[in-house]
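Asks: Just dropping this structure here.
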Amino acid sequence: MSGKKKALIIVCICLVLVVALVAAGGAACLYAVSPATDAAGERSGELRVPQGMTVREAAKELERQELIRSWRALYLAARFNVFDRENTFSLKSGLYTVKSSMPLKDIYMLLQTGSPESIRVSIPEGLTMSKTARVLEEAGLCAAEDFIACCRSQEILDSYDIPLQSMEGYLFPDTYFFTPDEPVESLVRRLADTFFQRVAEIDALDGLTPEQLARVLVLASIVEREYRAADEAPLIASVFKNRIDNGMGLQSCATIEYILTEIEGRPHPDRITYDDLKIDSPYNTYLWAALPPGPISNPGMVALQAAASPAETDYYYFVLTDPAEGRHTFNKSFDQHRRAENLYTKKAP
């Protein structure tokens, strides 16, 4: 073969390789900028962009949520103004709702629009529905009475298969980011959605009917108001379970506090009186040997896990004996219980 022919063949091979590389690169680029899913498999996620967040950080978060195919594609598009050659890309702070079916160009444009800065709200464990409503009202998000009314909406209760008269207990305590103009129903649903997401993480609750879950939730709401040391929560749950199994009243002061403050609207009592223990209410666990008809607080994960899987014990009593550490003494018999109470009384200053 002559030298000219060899050179021609080499040139042809090189051209083919160049074309192949360009085609492959183009295909890769098209893949990277295409939507992460089609409309049928669409997912929706939120991207919170605080002041100072970089494009790289925002893009990586979108990729982590599987809302875009490649963070690099969005980063490079912003870096070189790919979708708007006349204007420099400017990432604006705000809270964005991004759908996985959106083309990368649409996301690129969306992130420059800006949105109202989100409002951070922390809802502590153990709050009641009305106290949660007041937290949201103080944050400027809604009127407390509107939130409570929404929590009692039968339509919303039915949408979650909640067999109770309100969302009490189903409003998961956590830190949330809300937009200033978020509808009150969205606030309720955000808290309820988080509750069901977290409940799904507890294996012992898998497969329960709505009624069975409600019973566990009632127990968890009482445990939430009784425990202070997390490792004691399963023990406290075991005491209540043993009492229920043997037809005994739970005798939880937390339920009396709920009657006084949430049902009767009184200020939080400094102490529970003997007259309080005689109040005729289905929530009075000193009068009735059963769980109350509904939760008395919104429990966190520690109480939910304890109620779902109580410790195996033969305890029937517990009394706070170390207020500083929030620890209790657990006993099998009433005599042991009284001795523990007396011992604590003698030690108290």
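The values are calculated or read from the model by the stated rules, or taken from the named source; none is laboratory data. Not measured: the values here are computed from a predicted model. Positions of Cβ are backbone-derived with ideal geometry, glycine not excepted, and every protein chain shown enters the neighbour counts. Side chains included, ligands, DNA and RNA excluded: accessible areas come from the protein's heavy atoms. Shrake-Rupley method; radii C 1.70, N 1.55, O 1.52, S 1.80 Å.
Asks: Using a basic spin-label model with each label point 7 Å from the Cα along Cα→Cβ, how many nm lie between GLU46 and LYS105?
Replies: 3.0 nm
Asks: Moving to a separate point now. How long, wide and thick is the stretch 152-201, going by the Cα atoms along their three principal axes, in whole angstroms, largest first?
Replies: 31, 26, 15
Asks: Let me ask another. Count the lysine pairs in the chain that are 8 or more places apart or on different chains: how many have C-alpha atoms under 27 angstrom apart?
Replies: Lysine pairs satisfying the spacing and distance rule in the chain number 10.
Asks: A further question on this structure: Give the residue from LEU91, ILE148, GLN65 lying farthest towards the positive end of the charge dipole for the stretch 35-189; charges sit on Cβ (+1 for Lys and Arg, -1 for Asp and Glu) and the dipole is referred to the Cα centre.
Replies: LEU91
Asks: In whole percent, how big is the carbon plus sulfur part of the accessible area of the stretch 211-349, probe 1.4 Å, protein atoms only?
Replies: So the carbon and sulfur contribution to the accessible surface is 49 percent.
Asks: Above 35 angstrom, tally the Cα pairs of the chain and express them as a % of all pairs, no decimals.
Replies: The proportion of pairs with Cα distances above 35 Å equals 44 percent.
Asks: So, by mean Cβ neighbours within 10 angstrom, what's the order for 277-289, 300-312 with the highest one leading?
Replies: By packing density, highest mean first, the sequence is 300-312, 277-289.
Asks: About its Cα centre, how strong a charge dipole does the chain have in debye, to the nearest 20, once Lys and Arg get +1 and Asp and Glu get -1 at the Cβ?
Replies: I would put it at about 2000 debye.
Asks: Another one. Given a cut-off of under 8 Å on Cα pairs at least six residues apart, what relative contact order in percent is computed for the stretch 50-92?
Replies: Computed over the stretch 50-92, the figure is 33 percent.
Asks: Using 7 Å Cα-to-Cβ label points, what is the ILE263/GLU137 separation (nm, one decimal)?
Replies: Between ILE263 and GLU137, the simple spin-label model gives 2.2 nm.
Asks: Which of the listed residues, TYR170, ALA230, LEU104, is farthest toward the dipole's positive end in the chain, when Lys, Arg count +1 and Asp, Glu count -1 at the beta-carbon?
Replies: Farthest towards the positive pole: LEU104.
Asks: Taking the Cα centre of the chain as the origin and placing charges on Cβ (Lys, Arg +1; Asp, Glu -1), which of THR128, SER186, ALA77 is farthest toward the positive end of the dipole?
Replies: So the residue we want is ALA77.
Asks: Here is a further query. With labels modelled as points extended 7 Å from the Cα through the Cβ direction, what inter-label distance (nm, one decimal) is found for SER93 paired with ARG327?
Replies: Placing both labels 7 Å along Cα→Cβ, they lie 4.5 nm apart.
Asks: While we're here: Let me have the 222 nm mean residue ellipticity of the chain computed from DSSP H runs of 4+ only, each contributing -39500 (n - 2.57), with the sum over all residues rounded to the nearest 500.
Replies: Values: 13 runs with 155 residues, N = 349.
Roughly -14000 deg cm²/dmol at 222 nm, from the helical runs in the chain.
Asks: Output wanted: per-residue J couplings in Hz (rounded whole) for the stretch 132-142, from phi through Karplus 6.51 cos²θ - 1.76 cosθ + 1.60, θ = phi - 60°, x for Gly and Pro.
Replies: Once θ is set to phi - 60°, the couplings for the stretch 132-142 become 4, 4, 5, 4, 5, 5, 5, 7, x, 8, 6 Hz.
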